[in-house]
Amino acid sequence: MGSLTKTVVFLCVVSSVLCTPFINQLQPGQEWPTRSSVRQPYNQAESESAEAGVTKNEEIVVPASDDKEKPDTDDDKPIETLSDEVERIDYTGAQVWKVSTMKNNAQRVINQLASEKLIASWGGNHSTIDILVKPKALENVTATLKTKDISYYVMIEDLQQRINEENPPLDENELELQDRRGHRMTWKQYHRLEDIHGFMDYLAKTYPSIVSVKTIGKSYEGRDLKMLRISDGKPSNKAVFIDGGIHAREWISPAVVTYFINQFAENFDVESDDIKNIDWYFLPVVNPDGYEYTHKTDRLWRKNRKFGYGPSSCTGTDLNRNFGYRWGGKGSSSYPCSDIYRGSGPFSEPESKAINDFFKSSAVKFSAYLTYHSYGQYLLYPWGYDNALPPDHKDLETMGKLIAQAIQNTGGSSYQVGSSSGLLYPASGGSDDWAKSQNIKYTYTIELSDTGRYGFVLPATYIEPVARENIAGVRVLARYLGKI
Ligand SMILES: [Zn+2]
């Protein structure tokens, strides 16, 4: 052993820190950079003060709207899920309506109908709300809205029919291709979790120098929370985190995120430097239990599948109300049967906790966090917890507009840009607010297509067009990050 080598070994023994590779200097496909030597435990108070490096006083507060007028903000009121534990929920005869909420009393009427379990909210903005009307309630709800002079129109005549037509089997050609490809994933169909995870493992095996897969935790029912990284290992690379499938029924989201993975991994050699200069972290299915449940039992399940204890014994927590920044505020419910139930405490759910733990233990400094949902065609930036804006909201607006423009130029879809509380309604405990509180500057919730014609039940033929226009948005973000 030469004297130089001896010295290095000696130094390594004396101080393992010195021998810990610097961030991003690890071999791609090998160990991911951890934060073992960097203190940054999650801490509510610490995060609040660290909130984008400013104090609350510096936030620009926009005028608050009347929260009581917003259906999803009505704490402790159940939003009917139409779900129980029987085999495959049948939505025959159920309809989806778009209801105008411009009249003063409209929101109150909708809330009342929801509390009577006649309808369920599918979401809305300041002028309309989409509601699912149960078959037996059609007459009653029609009469109520007519009496109150509230206008609406029917978007979906028979929900079950749409569900039946949404995800047809692959044709012969595709099936043959599937066999030859080494994985079963396509973007012509919504796939089960097994296919998605198989596809991720296939990429890691096929491109070990740039792709690696890591299970960052387990879901409540024990499924893997599988994350995939694409990186050529350059120390100067920036990092972007992209997730999907927080809400089980929003099938277009994991489909779009896996499309990104496929494009970047399969074409990495010929990708632009904008893409190669970023370490990409993808978690396409944050809520695998819910996702599988929507395939097997209830197509319209939203939450995770954590068993509900207590007198209500309702199952599931809304993972996008369970993140630990300003947890428990507006637009979330403490009622376990609600579709926006926030859980028993911040990060009480294994799925959201796994993401938090990953960030806590990772040494990566992320420049952007994108979380894909559906539907509505919105690019939303923080804050969600209340009608407030972060101090760098103009940067977020500018970037958001660039992404929206790229989407429109590519596929023609129009995405509205704004803060989630301002454009929609306050919702606390979202992953985007939490990501922003972790000092990730470019944080967006992207509500994918459509604007209500199909809603959550978007036919599989839309996967490729929606993904194609959205990857154009991601490319613009990558280019922009390369310049700053
Ligand atoms: Zn969602």
**Fill in**
Sorted by chain and then number, the residues having a modelled amide H within less than 5 Å of the amide H of Val286, at least 5 places away or on another chain, are Gly244, Gly245, Ile246
**Request:** Provide the gained length on full extension for the span Asp395 to Asn164, in nm with one decimal, where the gain is 0.36 nm per separating residue minus the Cα-Cα distance.
**Result:** 78.9 nm
**Fill in**
XL table Lys98/Lys188; Lys360/Lys441; Lys353/Lys436; Lys306/Lys436; Lys134/Lys306; Lys205/Lys441; Cα-Cα > 23 Å flagged, in table order, is Lys98/Lys188; Lys306/Lys436; Lys134/Lys306; Lys205/Lys441
**Asked** What does the accessible area per residue of the stretch 172-483 come to in Å², with a 1.4 Å probe and no ligands, DNA or RNA counted?
**Response** 31
**Item:** Dimensions (Å) - the stretch 219-330, Cα atoms, principal axes, largest first
**Value:** 56, 33, 25
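How long is the gain from Ser151 to Ser334 if the chain were fully straight, where each residue apart is worth 0.36 nm and the alpha carbon distance is subtracted?
Stretched fully, the Ser151-Ser334 segment lengthens by 62.7 nm.
What ranking do 208-215, 467-474 get when scored by the average of other Cβ atoms within 10 Å per residue, highest first?
Working: 208-215: 17.6, 467-474: 21.8.
Packing order, densest peptide first, comes out as 467-474, 208-215.
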**Request:** Run the accessible area of the stretch 84-134 with a 1.4 Å probe and give the carbon-and-sulfur part as a rounded percent.
**Result:** 51
**Item:** Long-range tail of P(r) for the stretch 172-483 (Cα pairs > 37 Å, %)
**Value:** 9
**Fill in**
The percentage of the accessible area of the stretch 157-277 (probe 1.4 Å, all protein chains present) made up of carbon and sulfur atoms, to the nearest whole number, is 45
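What order do you get for 256-264, 382-390 when each peptide is scored by the mean count of other beta carbon atoms within 10 Å, highest first?
Put in order of decreasing packing, that is 382-390, 256-264.
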**Request:** Give me the percent of Cα-Cα pairs in the stretch 292-360 that sit more than 16 Å apart, rounded to a whole number.
**Result:** 46
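How do Met102, Met227 rank by accessible surface area computed with a 1.4 Å probe, from largest to smallest?
Descending accessible area places them as Met102, Met227.
Contour minus end-to-end for Ser236 and Met102, with contour as 0.36 nm per residue of separation and end-to-end as the Cα-Cα distance?
Working: separation 134, 0.36 × 134 = 48.24 nm, distance 5.06 nm.
Here the answer is 43.2 nm.
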**Request:** Along each of the three principal axes of the Cα atoms of the stretch 350-468, give the extent in whole Å, ordering the values from largest to smallest.
**Result:** 39, 32, 25
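The values are calculated or read from the model by the stated rules, or taken from the named source; none is laboratory data. All figures in this text were calculated on a predicted structure; none of them were measured in a lab. Positions of Cβ are generated from backbone atoms using ideal geometry, with glycine treated the same way; all protein chains shown enter the neighbour counts. What goes into the accessible areas is simple: the full protein's heavy atoms, side chains included, and nothing from ligands, DNA or RNA. Shrake-Rupley method; radii C 1.70, N 1.55, O 1.52, S 1.80 Å.
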